[in-house]
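The following block contains the structure, expressed as structure tokens.
Every read-out reported here was derived from the displayed coordinates using simple, explicitly stated rules and does not represent laboratory data. Quick caveat: nothing in here was measured; it's all calculated off a predicted structure. Neighbour counts run over all protein chains shown; Cβ positions are idealised from the backbone, glycine included.
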2 protein chains.
Amino acid sequence: MDLEDLYEFLKIDTTSAKGKGEEGAKFILDYMKDNGIEAELVKHKAINPYIIGEINVNSNKTLLIYNHYDVQPAEPLDKWNTNPFKPVEKDGKIFARGIADDKGSLMARLQAIIELMKERKLKINIKFVYEGVEEIGSPYIEDFLSDYKDRLSSNYVLWEGSGRGPDDSPEIVLGVKGLLYVELRVRTEKDLHSMYAPIVRNPAWELVYFLNTLRTPEGKVNIKGFYDKVKWLSNEEKKYLKGDRKGMEKALGQEVPDDFMIRVVENPTCNIDGINSGYTGEGSKTVISSYAFVKLDFRLVPDQDPIEILDKLNSIIPSNFEIKVLGKVKPYRTSLKSEIAKAIINSAKKVYGEDPTVLPNSPGTGPMEAFARILNNNQIADGVGVDNAGSNIHSFNENIKKEDYFKAKEWMKELLFELENF
Amino acid sequence: MDLEDLYEFLKIDTTSAKGKGEEGAKFILDYMKDNGIEAELVKHKAINPYIIGEINVNSNKTLLIYNHYDVQPAEPLDKWNTNPFKPVEKDGKIFARGIADDKGSLMARLQAIIELMKERKLKINIKFVYEGVEEIGSPYIEDFLSDYKDRLSSNYVLWEGSGRGPDDSPEIVLGVKGLLYVELRVRTEKDLHSMYAPIVRNPAWELVYFLNTLRTPEGKVNIKGFYDKVKWLSNEEKKYLKGDRKGMEKALGQEVPDDFMIRVVENPTCNIDGINSGYTGEGSKTVISSYAFVKLDFRLVPDQDPIEILDKLNSIIPSNFEIKVLGKVKPYRTSLKSEIAKAIINSAKKVYGEDPTVLPNSPGTGPMEAFARILNNNQIADGVGVDNAGSNIHSFNENIKKEDYFKAKEWMKELLFELENF
């Protein structure tokens, strides 16, 4: 029965970018209620409702489980080998939009808990929060958490789901990087013929010179105090950083350094996302453009603060540059010594029979810090998911290995047993 | 009668970018023949014919006069106050497409010579060459000059026409800057999520670092040997470099240095015409683009050679950069001590009653060096034109001052008298 219900869920288009989701939310709400879980739809500021649910077994411990029921647009459809909203099993895999991100993990966890509950083996309280707008950037998530923080309070938080890493070992993630995204702009009054180059300003050159001072060719960010609050990884944290160098190089299409896993987790960065000035069409045009801009993202690591980094950046940009802030997210990291970390590592070892890969933080960014701050909870971990490195998340032919769905269910159960024992 | 014939000429649309021109060429051909000048249309490789003409008065001196009868597109038409192909006189000015560049100068010179001829005061031989594709970059000009070099041989060449400079004094130009236009490209295999920034190459950063090494913030080009062949201006040459600083600052929309006239003539440059990489739309996208490029123009001065500069550039660009050459033009400069320079300066003084501005070379680029090399002639000068700093060349509401048309005719005659006397 497991997969039948999952497949019904996958058939419902919940592409939040297209305004869809409510039908999927109702399906899950009914599924929870039908299985004896108290739950309700909460219409808040976002276009799709949240689902809040709870199972109270009178424990003094509560685990909050976060997932999202919305999916990315399936386009381009002609790249799919199957209908993205018609789950298909083939060669031990299941193909469908959302199977890996995040409907599969949502359902595997939920079914595992329902099973435990029915067998009366559920010994700690569970809270559920399912979001319907994660794929459009979780707008209003902080408002929502603030407005519902009492109902969402818990001892531990389980993040949306991480399955197997690139080397096929279970992958656990204990945090996220933060982000500061800015656009820098330089202007003069008008475009000019390039014959005036000996006597006029060129915004593109001014941008190049500033960027050159901002970061070294080795990747070091040249902002005074940029690294002051960086919590460098401990030897213990580095120990769990396994990785598949060949797989990574294949995925990225280029060579990576020996210590690529440490770097990708530990290092904050300054990246050029886009740069533009002047004539960029075919052939030649001799012009000094009146406008140049660059889009930069700074990936931040614990305990860097995007607001502090922005202040430092502001203090060094030339006075004639304009700056527009396009994003600020704080980094977050749960301690490897925390109960949730220990429980999720031990349960992974039991289910998969091998050491997991543990990332102290993801190389990417997410609103984990908002959960920690607003819900006043410093035990947040990701794992207990169904995906793998070949799952094509956000892309076409999204898939998981069928066996990983059942592994995730086992993992969910073992995690709860581990948490019981603290 | 002067202006009537000019206006008929201006009414004919000769926008070479739109494939127009032949009707205008025939009009001028007939005008020359009707006035007793031997002339013919020469259909060569370009879309519009050349006109070659000659007046032989059995002198041992010959002046070749170069003009073009084609014009730039008049668009955007809604910015014009009048119909660009219907000449209108207003407030002492004449408005029409091509009146300043280059139909006005072509006709003023031609009419002056016809008048001298009829009065039997023409004492040196004249050759005419009128081009119909100057505004689309003079394609095949070198082939044409080579194929017709005997018929175009002369002692002096008068370039297309320069009237009054920014300070309203007559402006004489004795050369042009050269150009090397290149596009540099950097690629990796694929676009990547910016979370991989700690371990992968970013083509945009690689371009920034290279550009930073290529030129100093003060404008000095950091290519070894770049300045070796530069002929710095003599004190004599600097003396004639007048200029209108306030006018220049108004025209450019920014402050210029005290020695702006010397710099704009004497300094070779490296200019960013365009730069592009990654996401340049609205808002934020976190990406490491697989592609970055920059378009650069090097304005060269006598006696820099674009091929030598390209070799030097090639020797310093990183091995993973691609380079595409989009343009190579050699600089050219006629000596201030030459007969043509002396004659054009003296005649300007007589007609305008003031010292002219003399630019040893234009800040811009043109095929003057090809004329010098192929026609084996090192006495080429520009002047005897109808335009001024407010003529809106290549733009809307193109105009000249009506009196400057008659001044240019006088100047043409005085120039011929001066040349007679060497």
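Place the label 7 angstrom along Cα→C-beta at B:Lys90 and in each other copy, then list the distances from the first to the rest in nm, shortest first.
Inter-copy label distances (nm, one decimal, shortest first): 7.0.
Same structure, new question: With a cut-off of 8 Å between alpha carbons and a minimum separation of six or more residues, what is the relative contact order of chain A in percent?
Taking the mean separation of contacting Cα pairs over the length of chain A, I get 25 percent.
While we're looking at this one, here's another question. What is the mean projected area of the alpha carbon convex hull for the stretch B:285-361, to one decimal in square nanometres? Write down the numbers at each step before the final one.
Numbers: hull surface 38.2 nm².
For the stretch B:285-361, the mean projected area of the Cα convex hull comes to 9.6 nm².
Pick out which of B:Thr286, B:Thr213, B:Thr15 has the largest mean-square fluctuation in a Gaussian network model of chain B, springs linking Cα atoms closer than 10 Å.
Comparing B:Thr286, B:Thr213, B:Thr15 in a Gaussian network model of chain B, the most mobile one is B:Thr286.
May I pose another question? In what order do B:Trp80, A:Trp411, A:Trp232 fall by count of nearby beta-carbon atoms within 10 Å, going from fewest to most?
A:Trp232, B:Trp80, A:Trp411
Would you mind giving the mean number of other chain beta-carbons within 10 Å of the Cβ of each residue in A:87-93, as a whole number?
Counting other chains' Cβ atoms within 10 Å and averaging over A:87-93 gives 0.
Moving on to the next point. When all alpha-carbon pairs of chain A are counted, what percent fall beyond 41 Å?
Tail of the P(r) past 41 Å holds 22 percent of the pairs.
Ok, one more. Taking the Cα centre as origin and putting +1 on Lys and Arg beta-carbons and -1 on Asp and Glu beta-carbons, what dipole magnitude results for the protein assembly as shown, to the nearest 20 debye?
Values: 116 positive and 134 negative charges, 249 e Å.
Around 1200 debye, computed over the protein assembly as shown.
Related question: Using only Cα atoms, tell me the angle between helix A:339-352 and the longest principal axis of chain A; keep it within 0 to 90° and round to the nearest 10.
70
Cβ under 15 Å from A:Ile113's Cβ, A:Ile113 left aside: what net charge do those residues give with Lys, Arg +1 and Asp, Glu -1?
Cβ neighbours under 15 Å give a net charge of -1.
Would you mind telling me the antiparallel percentage of the DSSP bridges in the protein assembly as shown, rounded to 5?
Here the antiparallel bridges make up roughly 75 percent for the protein assembly as shown.
For a quick check: sort B:Val386, B:Val186 by the number of other beta carbons within 10 angstrom, fewest at the front.
B:Val186, B:Val386
Over the stretch B:213-317, what is the relative contact order in whole percent, taking alpha-carbon pairs under 8 Å and six or more residues apart? Don't jump to the answer; show the numbers that get you there.
On the way: 96 pairs, mean separation 33.5, N = 105.
Reported as a whole number, the value is 32 percent.
In chain A, what percentage of the DSSP-assigned beta bridges are antiparallel, given to the nearest 5?
75
Measuring from a point 7 Å out along Cα→Cβ, what nm distances, shortest first, does B:Lys224 have to its partners in the other copies?
Copy-to-copy label distances for B:Lys224: 3.7 nm.
Also, I was wondering about something else. Does the stretch A:221-334 classify as rounded, prolate or oblate by the C-alpha gyration tensor (a ≥ b ≥ c root eigenvalues; a/c under 1.5 gives rounded; else a/b over b/c gives prolate, otherwise oblate)?
On the way: a/c = 3.29, a/b = 1.43, b/c = 2.31.
Here the stretch A:221-334 falls in the oblate category.
Okay, next question. In a Gaussian network model over chain A where Cα atoms closer than 10 Å are linked, find which of A:Lys121, A:Lys250, A:Lys43 has the largest mean-square fluctuation.
Result for chain A, Cα springs under 10 Å: A:Lys250 fluctuates most.
Is the stretch B:160-215 best put as rounded, prolate or oblate by its Cα gyration tensor, with a ≥ b ≥ c the root eigenvalues, rounded for a/c under 1.5, and otherwise prolate when a/b is larger than b/c, oblate when not?
It comes out prolate by the Cα gyration axes.
For chain B, find the longest principal axis of its Cα atoms and tell me its angle to the long axis of helix B:2-11, 0 to 90°, nearest 10.
Relative to chain B, helix B:2-11 is tipped by roughly 40 degrees.
Classify the stretch B:208-274 from the C-alpha gyration tensor, please: rounded if a/c falls under 1.5, else prolate or oblate depending on whether a/b exceeds b/c. Show your work: numbers first, answer last.
Working: a/c = 3.29, a/b = 1.33, b/c = 2.49.
Because a/c hits 1.5 or more and a/b fails to exceed b/c, the stretch B:208-274 counts as oblate.
OK, next. Please give the calculated 222 nm ellipticity per residue for chain A, where each DSSP H segment of at least 4 residues contributes -39500 (n - 2.57) and the sum is spread over every residue; nearest 500 deg cm²/dmol?
After summing the helix terms and dividing by residue count, I get -9000 deg cm²/dmol.
OK, next. Placing a label point 7 Å from Cα toward Cβ, how far apart in nm is B:Lys26 from its equivalents in the other copies, listed shortest first to one decimal?
Ordered by distance, the counterparts are at 7.6 nm.
Would you mind checking the tilt of helix A:22-34 against the longest principal axis of the Cα atoms of chain A, expressed as 0 to 90 degrees and rounded to 10?
Long axis of A:22-34 versus the principal axis of chain A: about 30 degrees.
Okay, next question. What is the percent of Cα-Cα separations in the protein assembly as shown that go past 42 Å?
49
Which whole-number percent gives the relative contact order of the stretch A:75-212, counting Cα pairs below 8 Å spaced six or more residues apart?
Dividing the mean separation by the residue count of the stretch A:75-212 yields 12 percent.
In addition: Any chance you could check the Cα centroid distance between the stretch B:59-118 and the stretch A:1-80 for me, in angstrom?
One Cα centre to the other: 75 Å.
Normalise the Cα radius of gyration of the stretch B:104-155 by 2.2 N^0.38 Å (N = residues in it) and let me know the number.
1.40
How well do other chains shield peptide A:179-190, expressed as the mean number of their Cβ atoms within 10 Å of each residue Cβ? Write out the running numbers ahead of the final one.
Details: counts 4, 0, 5, 1, 4, 0, 0, 0, 0, 3, 3, 4.
Taking the mean over all residues of the peptide, I get 2.
Using a Gaussian network model of chain A whose springs link C-alpha atoms within less than 10 Å, name the residue from A:Pro166, A:Pro363, A:Pro217 with the highest mean-square fluctuation.
Its mean-square fluctuation being the largest, the pick is A:Pro217.
Moving on. Give a quick list of trypsin sites (Lys or Arg not before Pro) in the stretch A:300-378 that DSSP marks as loop, anything other than H, G, I, E or B, with at most 13 other Cβ atoms within 10 Å. Before the final figure, lay out the partial values.
Values: sites: A:Lys312, A:Lys324, A:Lys328, A:Arg333, A:Lys337, A:Lys342, A:Lys349, A:Lys350, A:Arg373; in loops: A:Lys337.
Sparse-neighbourhood loop trypsin sites (Lys or Arg not before Pro): A:Lys337.
Work through the residues other than A:Tyr279 whose Cβ is under 11 Å from its Cβ and net out their charges, Lys, Arg +1 and Asp, Glu -1.
Overall, the nearby charge balance is -3.
Follow-up question, since we're still on this one. Is there a quick way to get the dipole size of chain A? I mean about its Cα centre, with the Cβ of Lys and Arg at +1 and of Asp and Glu at -1; what is the value in debye to the nearest 20?
Roughly 720 debye, rounded to the nearest 20.
Kindly provide the pair-distance distribution of the stretch A:43-136 built from C-alpha pairs, with 5 Å bins from 0 and whole-percent values in order of increasing distance.
3, 12, 18, 19, 16, 14, 11, 6, 3, 1, 0
Pairwise over distinct Cα atoms, reciprocal of the mean inverse distance: report the Kirkwood radius of the stretch B:133-264 in Å, one decimal place.
20.5
Considering the rotational relationship between chains A and B, which residue of chain A contributes the beta-carbon of minimal distance to the axis, and what is that distance to the nearest Å?
Spelled out, residue of A and its Cβ distance from the axis onto B: A:Asn212, 2.
Count the lysine pairs in the stretch B:157-262 whose Cα atoms sit under 21 Å apart, keeping only pairs 8 or more residues apart in sequence or on different chains.
15
If you place +1 on the Cβ of every Lys and Arg and -1 on the Cβ of every Asp and Glu, how big does the dipole about the Cα centre of the stretch A:256-405 come out, in debye to the nearest 20? Walk me through the numbers on the way to the answer.
On the way: 16 positive and 20 negative charges, 47 e Å.
Charge dipole of the stretch A:256-405: 220 debye, to the nearest 20.
A further question on this structure: When Cβ neighbours within 10 Å are restricted to other protein chains, what is their mean count per residue of peptide A:260-270?
Numbers: counts 4, 1, 2, 4, 6, 1, 1, 3, 2, 8, 2.
Counting other chains' Cβ atoms within 10 Å and averaging over A:260-270 gives 3.
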